Amino acid sequence: MINTAGSNNNMMSPSSSSASASGNNSQSPCLKTYFKTPEGRYKLQYEKTHPAGLLHYAHAKTLTQVTLAHLKDKPMQAPSQSSSSLGVSSSVRSAAARILGGGNGSRALGFVGGNGGSKAVSSSSSNKVGSLGSSSSSSVMSNSNFDGKGTYLVFNVGDAIFISDLNSQDKDPIKSIHFSNSNPVCHAFDPDAKDGHDLLIGLNSGDVYSVSLQQQLQDVGKKLVGAQHYNKDGSMNNTRCASIAWVPYGDGTFVVAHADGNLYVYEKSKDGSGDPSFPIIKDQTQFSVAHARYSKNPIARWHICQGPINSISFSADGAYVATVGRDGYLRVFDYKNEQLICGGKSYYGALLCCAWSIDGKYILTGGEDDLVQVWSMDDRRVVAWGEGHNSWVSGVSFDSYWSAPNADGSGENNVYRFGSVGQDTQLLLWDLEMDEIVVPVRRPAGGSPTFTTGSQSSHWDSACPVGTLQPAPSMRDVPKLSPLVAHRVHTEPLSGLTFTHESVLTVCREGHIKIWMRPGSAESQSCNSESLLSTSLKEKPLTSGKAVSSSYKR
């Protein structure tokens, strides 16, 4: 079992990993390709994976994380080269065999790479199949995406970072970046970056890089280009980068959490060389902040806890940052004022993940107690526990694109949809409606608790003082939630999930990603695909009668 977001435990030999990857490339017959919700079916539209033969595990096994990256200005892709580009790998060629069948009933339209651009594919007969409406002999990806998007998936497996086109049904990534000295374990993307450096990558060695995603896509090599290097060779901290995040509205500021309980604040506009002038931490059990004496990175060190930090998450406005760690505590800080606001302990064991609601009112956590905890910022305590997982909860997220069927559009959100994934290979969806939740009434001395419905604020004690960490509550004192949906989505333990406007993305720890289309989205995509195929066939015949793949439309 695995216990941190970049754990060195649970190592696997390359041969067994390759076998596992091979087995996961095809949909397991025991797994359904859809799941039902009150609003309709979510359908498995297609999958993303990586060429297993390119992986190296010399630096230990790591968990796959996925970052969604939307480029506002889509790059012109570099020429496809079979020797250096994953775009013409044997896996892509073999995709021709499943072209017209698509992925689980989806329609296919043509090899699409670089968010809709053409991808020249060499076959045994030396024919080339381009995307619809583009020259079949062109070897440069034109980025004429059908839906006008430039959305990519950045994910880590072994010693590599892979980049896949979200809007292409091609399983294989369009770019790989390999690291020679350590494994990448975490990453983050800033869509509003001003100077081009929008992608952060943290390594198992503690090294941190900032790069331009667009520049990486334009380069044909397998190494980082134009990178800024921070904490080089672990000069400031040689423990694993556990989590990394851009500060919302921070103008290029980002934070890196390490496995020794320290969090460092960086400004990408400043020199990347380390400043070793931070004082010694006197009390490892207490929160403390130290600032750099010189104008170098990192500009500040926050000592959060004794032991590893497993995950960090900023509220949407950047006002607060939440951390969870091996000690089982959620901690919420006022980022600007560098102050601990509140927090509390899990029911049992470490906390592994956390996420904010879009309005900043609630925080989700999950961990080794198999529970999904809902924390209220107003009450500064746990207000609900989600019971449904059979193993550690490894990923949680609010679905900010979902709205209740009876929502009046007033902007006041009374029902929240969120999801969780775990090492039990299940995706669970939950609805949180605070007005309907059953909450315990304050227990009389020597008596038994009674229950009622309504706001928890009127039944529990007033909010705890600022800076207080709450102990683990009694199981009988916290309201319980049951999942709306429980669906086994992978054969391997899951490591994360992401919600988009059209889909839900799930990823297992071996680096296999599945895209589940929301009700209505899959049908819309199928209709758009049929229309595009019909139009293209009228305008220009294809060099091969079996043209493939298409991106979906919003």
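The values are calculated or read from the model by the stated rules, or taken from the named source; none is laboratory data. For clarity, every value in this text was computed on a predicted model and none was experimentally measured. Ideal geometry is used to build each Cβ from the backbone, glycine not excepted, and the neighbour counts take in all protein chains shown. The area values use the complete protein model at the heavy-atom level, side chains included, leaving out ligands, DNA and RNA. Shrake-Rupley method; radii C 1.70, N 1.55, O 1.52, S 1.80 Å.
Laid out as a table, the results:
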quantity	calculated
Sites Asp233 and Lys282 - FRET efficiency at Förster radius 25 Å, r taken between beta-carbons, to 0.05	0.40
Long-range HN-HN contacts of Gly395 with modeled amide H, under 5 Å	Val421
Rounded to the nearest 10 Å², the accessible area of Arg41 at probe 1.4 Å	100 Å²
Heavy-atom SASA rank of Ser273, Ser495, Ser180 (probe 1.4 Å, accessible area, largest first)	Ser180, Ser273, Ser495
Segments 152-159, 205-212, 376-383 sorted - mean Cβ within 10 Å per residue, highest first	152-159, 205-212, 376-383
Where region 208-297 is the region considered: accessible area per residue in Å², 1.4 Å probe	46 Å²
Rounded accessible area of Ile280 (nearest 10 Å², 1.4 Å probe)	150 Å²
Long pairs among Lys48/Lys72; Lys175/Lys514; Lys43/Lys480; Lys72/Lys361, criterion Cα-Cα beyond 25 Å	Lys43/Lys480; Lys72/Lys361
Region 296-308 - phi-based ³J(HN,Hα) in whole Hz, Karplus 6.51/-1.76/1.60, Gly and Pro as x	9, 8, x, 7, 7, 10, 9, 8, 8, 7, 8, x, x
Stretch gain in nm, segment Glu338-Ala290, where the contour uses 0.36 nm per residue and the Cα spacing is subtracted	16.3 nm
Built amide H within the under 5 Å cut-off of Tyr34, gap 5+	Leu44
J(HN,Hα) series, region 233-249, from Karplus relation 6.51 cos²θ - 1.76 cosθ + 1.60, nearest Hz, glycine and proline x	6, x, 4, 9, 8, 9, 8, 4, 6, 8, 7, 9, 7, 6, 7, x, 6
